[in-house]
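**Student:** Handing you this structure, nothing more for now.
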């Protein structure tokens, strides 16, 4: 059975008007697989990621579709059941470690509480016991959960983890904080990790190292990953498969090598071409005219039509579907899918 | 933490010293001076000189100041002009009454403000939000003593449930003590609670929006653990600060409340002393109130560091 | 203009503006609106509210409504005076401390802290004792307590704004520091200052009421709301109107300033005000 199967997912926000942030997304994820969700800001990739464990903020709602995780539809679960899934079977790493860690609790404590909650450590997890741990000093460091927390910090490559565990987030560098967040997410060995731009907020010099460690660790734990990023290079380097998102829809999906070497969707091509690369210095970067469409209104045709370099008249009136490409357009992944009228196979029964 | 505590204590001591110095000079600025008031109708130039000598007012200002500080350290505030009792005695007798009122006010205020403010921040309750806002804004707009008058009108006069004035010490029993203390305590409590409710609510709302709360949810923690362990220690930081500052309002509110309810606490003592030009007493009361205020806020600073490690660690650096 | 309409659309703003306008109107036209002479002691003693005396009469036979109306002018003057005096001094100290920093900042901050150590009205009592009664003295006495609010607020804003692009541009252009303060920094800090000012008006009125209640108010014979309450102190238990009406006047007025201040804060989007 597949680990994750998303069918026809729609996510809406109501800010005066109803905005459809994610529309008709179908995705699958196998065990141990790393899937990259690539898109610009506003593409809906974070919303998609947050919708899975149902962590949408504000007025966000899953208005249609199913999210089947290990056989169970998460959209049907009660909040109470969901809480036993979150942290334990589905974990999240957020983008900015300077705000996603609680400033008044030690690193070790923030890891330990997850471990205590989801694994059998014999320690109490009552509300008031948990609350008092903040003030307990050395007492809070006694149990198994603390020891495992320290061990996890060691596994993500943090030096002197026992000392670091006693520190507060503001005392660590950005890279260390994010490593700690990763350790926290993986501490209960979840089946699925949703990583929302895990290195974007870090210094460039640290990004590659942290990402490498993350990938190594998930491979060790056989954890599947949904890697959300705007950087197609990162996706192609670390992901098994890639799904490109634009304006709430999937525009292209396939194996990462396939997408990178043989991008078929005009948007994907534009995305690739617009990313600065050392090898292409001297050439002007491609930038697209126009803006992402207003997601409150469903456009009559393709959502990329107003900016697409390959646009034709039909693109404004007919909505393309995400379908498998014909053999001749594919490099080596037969499941390479694309949403574009201009890549649709001409029917075999055409006249002539 | 130890270093931080020491720093805060020294800081508080310096402020107290500065306050004492200001009080010293202020009291000497009062027109007429203590001599004229003390002698009253028996004022003659000769008697004035003799009195000045007796009170040590003919010595140089600097000498007076040093003596003043020396006396203070030994907790000698001089003697009351009205009756001659030592100021310390007067204060010692009056203070427990004021303390009763303010402590009751503090407790009432906290019990009113904090739960209401916390509830008001959660989307789940419809009522708490507007109620909190109303208590806050209206509470800020009422004169404390007017609330007292209204309470007296309704509770003491109409319902005849509680006495309208006076005071019974605890030694007379919890019942009598409480029945005299509850109305003034309520007045002070509402006045204390008003800004506290508003800041608790807004601080809770702000903290709930923070990304690290989203992280806590993503880990599967229950709502109660999230609120108690993750939200409150952060949200309460500004609330704590405000609670400390508002004790100033409690103390000065006690002055009018004591007049209204005829409780012989230090507020009443102060007002009488002002009308009688009794400088030693005025000086003593002002000092006492300021010292309490500074001490309370020092404790708040220490608690603040317990809640928020950033302050503690930054200060020790 | 867009600002004004936005302010009025907020229900607090609307209520606040209405109350304040009524207040200003009564303060200005007071004597003409009062049905009787506020000092005339010729009516029946302690009469309950009736069609002749909408708010009853007091223990000396004076019409309470007339006294409340004529008290508006003084009470409001004190409130405004406190906001202006405390505000000006506090803003000045805050600007200087925040802009020049170093020992100037230390000195001013210590001084402000000493003022802060005297809770609210305690210092006002002593100041009135020294200076005596009277409108100006009361204003000085009460505004002492609010200097620190303004000073801290403005110091914070100044520290923040002095590093802003336009302030740095001013330095680069060789603008004298005085000018940078006045033209670049102050206008941008104005929002929170005005909000704090409206709150201070309310507190000034409350302070005056408290001082009058203690016999240390404006003057023993000028009716202010606090004084009317104080006069009624011995009789209100049987004559409820002596307590209810003047107090209601105070409460509605201060509510008005607080509503206005809150709406102002929301419209301006500022966060810095200490209480609202």
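Throughout, read-outs are computed from the coordinates displayed, never taken from laboratory work. Bear in mind the structure is a predicted one, so any value in this text is a computation, not a measurement. All Cβ positions, glycine included, derive from the backbone under ideal geometry; neighbour counts span all protein chains shown.
**Student:** Would you mind checking the tilt of helix B:128-141 against the longest principal axis of the Cα atoms of chain B, expressed as 0 to 90 degrees and rounded to 10?
**Tutor:** Around 20 degrees separate the two axes.
**Student:** Can you give me the angle between helix A:204-221 and the longest principal axis of chain A, using Cα atoms only, in degrees from 0 to 90, rounded to the nearest 10?
**Tutor:** 80
**Student:** Still on this model: Can you tell which of B:57, B:110, B:250 shows the greatest fluctuation in a Gaussian network model of chain B with Cα springs below 10 Å?
**Tutor:** B:57
**Student:** For chain B, what does the helix formula give at 222 nm: sum of -39500 (n - 2.57) over DSSP H segments with n ≥ 4, over the residue count, nearest 500 deg cm²/dmol? Intermediate values should be presented prior to the final figure.
**Tutor:** Working: 13 runs with 237 residues, N = 317.
Result for chain B: -25500 deg cm²/dmol, rounded to the nearest 500.
**Student:** Remind me, what semi-axes does the protein assembly as shown give for its equivalent ellipsoid, largest first in whole Å, using sqrt of 5 times each Cα gyration tensor eigenvalue? Before the final figure, lay out the partial values.
**Tutor:** Values: eigenvalues 871, 204, 147 Å².
They are 66, 32, 27 Å, listed largest first.
**Student:** Considering Cα pairs under 8 angstrom that are at least six residues apart, work out the relative contact order of chain A and quote it in whole percent.
**Tutor:** Numbers: 640 pairs, mean separation 68.9, N = 352.
About 20 percent, as a whole number.
**Student:** If you don't mind, another one. Mind jotting down the distance between the C-alpha centroids of the stretch A:81-121 and the stretch B:82-122, whole Å?
**Tutor:** Rounded to whole Å, the Cα centres lie 42 Å apart.
**Student:** Right, next: What value, in deg cm²/dmol to 500, does the helix sum -39500 (n - 2.57) over DSSP H runs of n ≥ 4 give at 222 nm once divided by the residues of chain A?
**Tutor:** On the way: 12 runs with 106 residues, N = 352.
It lands at -8500 deg cm²/dmol.
**Student:** Something else now. Per DSSP H run of at least 4 residues, take -39500 (n - 2.57); add these up for chain C, divide by its residues and hand me the 222 nm value, nearest 500 deg cm²/dmol. If you can, show how the numbers build up before the last one.
**Tutor:** Working: 11 runs with 191 residues, N = 276.
Mean residue ellipticity at 222 nm (helix-derived): -23500 deg cm²/dmol.
**Student:** Moving to a separate point now. Where does chain A land on Rg(C-alpha)/(2.2 N^0.38 Å)? Walk me through the intermediate numbers first.
**Tutor:** Working: Rg = 22.0 Å, N = 352, 2.2 N^0.38 = 20.4 Å.
Compactness ratio reported: 1.08.
**Student:** Between the stretch C:63-139 and the stretch B:155-205, what is the C-alpha centre distance in whole Å?
**Tutor:** Between the Cα centre of the stretch C:63-139 and that of the stretch B:155-205, the gap is 29 Å.
**Student:** Work the Kirkwood hydrodynamic radius out for chain B: mean of 1/r over every pair of different alpha-carbon atoms, inverted, in Å.
**Tutor:** Details: mean 1/r = 0.0447 Å⁻¹.
When all Cα pairs of chain B are included, the Kirkwood radius is 22.4 Å.
**Student:** With a 10 Å radius around each residue's Cβ, average the other Cβ atoms per peptide and rank A:43-53, A:317-327, highest first.
**Tutor:** On the way: A:43-53: 24.0, A:317-327: 14.9.
Put in order of decreasing packing, that is A:43-53, A:317-327.
**Student:** Roughly how crowded by other chains is peptide C:108-117, in terms of the mean Cβ count from those chains within 10 Å of each of its Cβ atoms?
**Tutor:** On the way: counts 0, 0, 3, 2, 0, 6, 7, 2, 7, 13.
Averaged over the peptide's residues, the number is 4.
**Student:** Running a GNM on chain B with Cα contacts under 10 Å, which residue among B:193, B:235, B:134 ends up with the highest mean-square fluctuation?
**Tutor:** Maximum among the listed residues: B:134.
**Student:** At q = 0.13 Å⁻¹, what is the log10 ratio I(q)/I(0) for chain C, with the Debye formula run over Cα points and no solvent?
**Tutor:** -0.89
**Student:** I've got another one for you. Calculate the mean, over all residues of peptide B:298-308, of how many other protein chain Cβ atoms lie within 10 angstrom of the residue's Cβ.
**Tutor:** Numbers: counts 0, 0, 0, 0, 0, 0, 0, 0, 3, 3, 3.
Whole-number average of other-chain Cβ neighbours for B:298-308 is 1.
**Student:** Also: Could you work out the relative contact order of the stretch B:84-186? I mean the mean sequence separation of Cα pairs under 8 Å and 6+ apart, divided by the number of residues, in percent. Let's see the in-between values first.
**Tutor:** Values: 61 pairs, mean separation 33.7, N = 103.
Answer for the stretch B:84-186 is 33 percent.
**Student:** Please rank C:131, A:139, B:106, B:2, fewest neighbouring Cβ atoms within 10 Å first, as an exposure proxy. Walk me through the numbers before you get to the answer.
**Tutor:** Values: C:131 16, A:139 10, B:106 20, B:2 7.
Listing C:131, A:139, B:106, B:2 from fewest to most nearby Cβ atoms yields B:2, A:139, C:131, B:106.
**Student:** Calculate the length of the line joining the C-alpha centroid of the stretch A:41-75 to that of the stretch B:255-303, in whole Å.
**Tutor:** Result: 60 Å between the Cα centres.
**Student:** What order do you get for C:152-164, A:86-98, B:301-313 when each peptide is scored by the mean count of other beta carbon atoms within 10 Å, highest first?
**Tutor:** On the way: C:152-164: 19.8, A:86-98: 23.1, B:301-313: 17.8.
For the peptides C:152-164, A:86-98, B:301-313, the packing ranking is A:86-98, C:152-164, B:301-313.
**Student:** Considering chain A as a Gaussian network with a 10 Å cut-off on Cα pairs, which listed residue, A:136, A:180, A:165, attains the greatest mean-square fluctuation?
**Tutor:** Among A:136, A:180, A:165, the largest GNM mean-square fluctuation belongs to A:136.
**Student:** Peptide B:19-29: average number of partner chain Cβ atoms within 10 Å per residue?
**Tutor:** Numbers: counts 5, 0, 1, 7, 2, 0, 0, 6, 3, 1, 5.
Mean shielding count: 3.
**Student:** I would also like to ask the following. With angles folded into 0 to 90 degrees, how steeply does helix A:174-186 sit against the dominant principal axis of chain A? Use alpha carbons for both and round to 10.
**Tutor:** 90
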